[in-house]
Amino acid sequence: MISSVEKLPTGFGRLWTAQTVSSLGDGVTQAALPLIALTLTRDPMALAVVTAAGTLPWLLFGVLGGALVDRWDRRRTMWVADAARAVLLAIPAAAAALDALSIPLLAGVAFLLGLGGLFFDTAATAFLPDLLHRDPALLERANSRLRGAQTAASGFAGPPAGSALLALGRAVPLLADAVSFALSAMLVRSLPAMPRPVPEVHESLLRQARAGASYVFRDRVLLGLALRPAVGNIAFLAVETVLALFAHDRLGIDTYGFGLLLTAEATGGLLGAGIASYLGRRLGTGTALTCTAAVEGLAILGLAAAPNPYVAGLALAVCGAGMGATMVLGPSLRQAIVPARLMGRVASTSRMLAMCAAPVGAFLGGWLAATYDIRTPLYAAAGLLLTMTAVTASMTSNRRVEAALRAAAPAGGPDHPASQDPAQEGAVQDSTAPLNQP
C-alpha cells in the first residue's frame, strides 16, 4: 500500500472526538436499555423485541439509506442525525421520570436510534475519505484511531458507566447518552465542508440503491471485503449465542469470570486496531486481511478445544486482535477505492449484508448446541471462518488490491473516480474491469 508522511488534518481530531463521545454514550445506553426493559418485564420475547428493534433499520432501509446519504450533504447528515437522537432520548427519559415507560416505547426508541445510527455511520464512512483525500495510509491511521477509541469507549467505559448511572434512576443513563449526542452534533457541525458528489438527478432512489449494491457484487475486491464481515457475523454470532453456557458448563466460569473473558476479547480488539497499519505495511493489505481472517478462525478453534479459562481467554484475545485489525484494514481499503458518489451505497450494502447474517448465526449456534454438543457451534464457526479465508484470499490478494488502488489514483486528480461525472460511469467501470475477472 502507498505510504504517506502527511499528518491527519485538524478536522479529523474533531471527528474523532465526536465519535468517541458518541460511542461512550452508546455504551451507556447499550448496557442500560436492556436493564431498564428488565424492570418492566421478565418475558424473554419482550426483551428480545427491544434488542432486535435497534437492528431492524439496517435490514429494512440499509441500501436505501446509503442512496440518500449519497444525495445529501454528509456533514449535515451526521450532525442532524446526532441532534435528532439527542432529542429522541429525552422522550424515554421523561417517561421514566413520570413512571410511564413501556416495552413498546423502548422498542420504538431503539428502532429510531438505530435509524439515526444508520444515517450517521454511513455518512461518517463516506465523509472520512473526502476529509483525508482518499490517501490509503491516512485512512488506515484514521480508522485505527477511530476503531480503538470506539472499542475503549463503548466496550470498556460505557457499559459499567451505564450500570452505575442506572442506579441513580432510569432516566439518568438516557440523559447522559442524549448529552453525548448533542456534544457530537456540535463537534461535527464545526467540521470543514466538503464538496458534495455530483448528483445523479435522472435516476430514482431505488435505481440508485440497486446501482450501489450491484457495484459491490460486480467488483471482486469489494465483494471479498463484504463477504468477510457477513460470513464472520454468522460465525461470531453462533459462538456468542452459546458462549456464556460454554463458559459455565465446560470451563466452570462464573458471572464475574465471564465478564473477564469478554474484556480479554475487547483488549485484543484494541491491540489489533493499533497494529493494523503496521501489518498492512509489512505484509500488504491483501495478505494482512487473509492472515487476520485465518487468525480469527484458528483462535475460535483454540477456544473450542480450550481445557481451562486461561486458554479460553487467550484464544478470545487473539480472535479479538484479528477482528480489530480486519475492521481497520477492510473499511480503509474500501474508502480508498470506491468513488465518492457511491461511497454511501457501497458502505451501507456491506453493512446490511453483515447485519442480515447475524440472526442466521444466532439460530445456527443455538440449533447446533441443542442438536449436538455445546462445542459444536464453535467448531462450525471455526470451519466457516477458515473456509471464508480460503475463498476470499484471491479476491483481496495484494495484486488485486494494488490494481484497485492504482485505478483510484491520483487522489483528487482528474482521473480519480470520485471526480468523474455520472455520464462517465461506464468509463470508470471499464477502468476497473480487470478486478472483476476470475
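Okay, here's what the table says:
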quantity: Table column - 3J(HN,Hα) (Hz), the range 274-283, Karplus curve with 6.51, -1.76, 1.60, x for Gly and Pro; calculated: x, 9, 4, 4, 4, 4, x, 6, 6, 9
quantity: With at most 14 other Cβ atoms within 10 Å, longest stretch of the chain clear of loop GluC sites (Glu not before Pro) (DSSP); calculated: 204-438
quantity: Longest DSSP-loop-exposure-free segment, trypsin sites (Lys or Arg not before Pro), the chain, at most 10 other Cβ within 10 Å; calculated: 43-438
quantity: Net lengthening on full extension, Leu56/Leu38 (0.36 nm per residue, minus Cα-Cα); calculated: 4.4 nm
quantity: The chain: relative contact order in percent, alpha carbon pairs under 8 Å with at least 6 residues between; calculated: 25 percent
quantity: Probe 1.4 Å, protein heavy atoms only - accessible area per residue of the range 11-108 in square angstrom; calculated: 43 Å²
quantity: Phi to ³J(HN,Hα) by Karplus 6.51 cos²θ - 1.76 cosθ + 1.60 over the range 226-232, Hz, x for Gly, Pro; calculated: 6, 5, 4, x, 5, 5, x
quantity: For the range 294-345, accessible area per residue (1.4 Å probe, heavy atoms of protein chains only), Å²; calculated: 26 Å²
quantity: Spin-label pair Asp254/Met186, simplified geometry with 7 Å Cα→Cβ offset, distance in nm; calculated: 4.4 nm
quantity: The range 271-401, accessible surface, carbon-and-sulfur percent (1.4 angstrom probe); calculated: 73 percent
quantity: Pairwise label distance in nanometres, Ala167 with Tyr372, each label 7 Å out on the Cα-Cβ vector; calculated: 4.3 nm
quantity: Length added when fully stretched, Thr387-Asn308, from 0.36 nm per residue minus Cα-Cα; calculated: 25.8 nm
quantity: Accessible surface of the range 106-208 [probe 1.4 Å, protein heavy atoms]: carbon and sulfur percent; calculated: 67 percent
quantity: Fluctuation leader among Asn233, Asn398, Asn308 - the chain, Gaussian network, Cα springs under 10 angstrom; calculated: Asn308
quantity: For the range 208-290, accessible area per residue (1.4 Å probe, heavy atoms of protein chains only), Å²; calculated: 43 Å²
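The values are calculated or read from the model by the stated rules, or taken from the named source; none is laboratory data. None of the values given here were measured: they were computed from a predicted structure. Methodologically, a virtual Cβ is constructed for each residue, glycine included, from the backbone with ideal geometry; neighbour enumeration extends over all protein chains shown. Ligands, DNA and RNA are excluded from the accessible area calculation, which covers all protein heavy atoms including side chains. Shrake-Rupley method; radii C 1.70, N 1.55, O 1.52, S 1.80 Å.
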